[in-house]
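Reading through the structure tokens given below for one structure.
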Amino acid sequence: MKKVLIITAHRKDRAPNQRFRFEQYLDYLKDNGYECHLSFLISAEDDKVLYKHGHYLQKTIIFLKSAVKRTIDVINRSNYDLIFVCREGFLTGTTLFEELLHKSKVPMIYDFDDAIWHFDVSEANKKFGWLKNPGKTAKLISMADLVFAGNDYLADYARHHNDNVVIIPTTIDLSEYHQVPFTEKETICIGWSGSITTIRHFGMAIPVLKAIKEKYGNRVKFKVIGDGNYRNDELGIVGIGWKKESELKELEEIDIGIMPLPDDEWAKGKCGLKGLQYMALGIATVMSPVGVNSEIIQDDENGMLASSDDEWIAKLSKLIDDSGLRRRCAENGRTTVEEKFSVDAIKGDYLKYFNQLTSKNK
């Protein structure tokens with residue numbers, strides 16, 4: 001068995017950028033000769049304080065533990081046939097550990113699915129913003145033997161720093177995401193799935209949803225998954241916290257899934273995960289035409305694209321009023337995921353590139 005060191009921030013099943021990218025392929029890679037060791041920094045206990053305000057002593061301890069863990073990785077680096085870095089090896093601006101790993105001459109893949117070269121710090125850790133270094137992304141890309149970019153926008157950026165870049169989209173495991181049978185309903189549920197850090201994107205849709213509520217009354221209801229603290233009394237929304245065990249059950253109750261995004265540089269790097277989750281389950285989907293969303297959706301065929309509030313209101317209204325359209329978009333959306341954005345569609349690429357790099361290192 002060839003050995004792969006996977007460098008990540010979070011434990012397995014915790015972070016979407018890991019779950020819907022390399023983690024889905026671990027069993028497949030093992031079946032094809034690759035033993036993957038996941039070296040993550042943030043434990044479940046650390047997770048409870050890292051993204052909360054304050055807790056500075058605990059955060060300092062997390063920093064020190066992380067440095068020790070990466071030092072151990074560097075010491076053991078020659079035991080591996082391949083190194084896979086997901087986003088970054090350390091949660092500050094330094095690239096020291098990746099540079100030391102790179103010096104082992106073990107081939108390295110760098111994987112990223114967001115425009116992380118733009119400055120972005122969680123609200124709870126604004127005081128630590130000075131530790132961030134958006135420029136590190138370019139450096140990490142430049143030292144990699146191969147770069148996995150989540151979409152064209154990210155790949156275009158990466159190619160300024162490395163000639164060996166391939167697009168590996170964010171994907172859905174359809175063995176878990178089973179298509180929900182379409183049913184006629186008196187009350188249509190319009191839902192959003194995300195996280196505490198992306199709830200601000202849902203906020204963009206509030207004026208639209210208020211207009212839809214005024215237009216349709218009790219014919220519609222609304223659901224927010226991913227932020228258990230979110231409340232909107234006017235729309236009757238009580239946010240539901242994210243749990244992997246109940247994620248699919250919560251999503252399956254949605255009839256129309258929405259993914260509003262601002263048209264900015266950060267959002268252009270998004271890989272359409274929310275929309276792909278809806279589509280995989282056979283849920284009619286409406287997305288902002290930002291970044292890869294415009295490649296995923298063919299308007300009125302496998303979903304809807306909407307820019308202005310008026311467009312959002314019009315597209316949502318069409319889906320509410322026309323169950324046939326809603327069904328067609330839902331079924332075609334599922335087909336799109338099967339053909340282009342599923343684990344089965346992409347897993348061969350993972351194996352191909354792993355084989356290419358490890359064979360060169362013999």
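Values quoted throughout were computed directly from the atomic coordinates according to the rules given, and no laboratory measurement underlies them. Given the structure is predicted, the values throughout are model-derived calculations rather than measurements. Counting neighbours? That spans all protein chains shown, and the Cβs are built from the backbone with ideal geometry, glycine included.
Compute the signed sum of charges (Lys and Arg +1, Asp and Glu -1) over the other residues within less than 9 Å, Cβ to Cβ, of S193. Provide the component values of the computation, followed by the final result.
Working: positive: K223, K274; negative: E247, E250.
Cβ neighbours under 9 Å give a net charge of 0.
Taking 15 Å as the cut-off, the amide N atoms of region 8-35 that come nearer than this to a point 7 Å along the Cα-to-beta-carbon line of N355 belong to 28-34.
Considering the convex hull of the alpha carbon atoms of the chain, report its projected area averaged over all viewing directions, in nm², one decimal.
Numbers: hull surface 69.9 nm².
The orientation-averaged projected area of the Cα hull of the chain comes to 17.5 nm².
If I take R0 = 51 Å and measure r between the Cβ atoms of A138 and F182 in this structure, what FRET efficiency does the formula 1/(1 + (r/R0)^6) give, to the nearest 0.05?
On the way: r = 46 Å, r/R0 = 0.90.
According to the calculation, E is roughly 0.65.
Counting only DSSP beta bridges with both residues in region 161-290, the antiparallel share comes to about 15 percent. Each DSSP beta bridge with both residues in the chain is either parallel or antiparallel, and the antiparallel ones are about 5%. Hey, what did region 146-208 get for relative contact order, percent, Cα under 8 Å, at least 6 apart? Reported relative contact order: 25 percent.
Taken along the Cα-to-beta-carbon direction at a fixed 7 Å, the label points for K340 and L64 span 5.0 nm.
Calculated mean residue ellipticity, 222 nm, the chain: -12000 deg cm²/dmol, from DSSP H runs (n ≥ 4) at -39500 (n - 2.57) each, averaged per residue and rounded to 500. Once you reduce region 297-344 and region 228-290 to the center of their Cα atoms, the two points are 14 Å from each other. For a straight C-alpha distance cut-off of 20 angstrom, the lysines reachable from K274 (same-chain residues fewer than eight places away being disregarded) are K12, K221, K223, K243, K244, K249, K315, K340.
Taking the inverse of the average 1/r across all pairs of different Cα atoms in region 1-121, what Kirkwood radius in Å do you get? Present the calculation step by step, with values, prior to reporting the outcome.
Details: mean 1/r = 0.0657 Å⁻¹.
It works out to 15.2 Å.
Size descriptor for region 54-113, Kirkwood hydrodynamic radius: 12.5 Å (Cα pairs only, one decimal). With the simple model of a label 7 Å out from the Cα in the direction of the Cβ, S195 to N32 spans 2.7 nm. Under the combined filter of DSSP loop state and at most 11 neighbouring Cβ atoms within 10 Å, region 216-289 retains these GluC sites (Glu not before Pro): E234. The simple spin-label model puts a point 7 Å past each Cα toward its Cβ; for N232 and E214 those points are separated by 1.4 nm.
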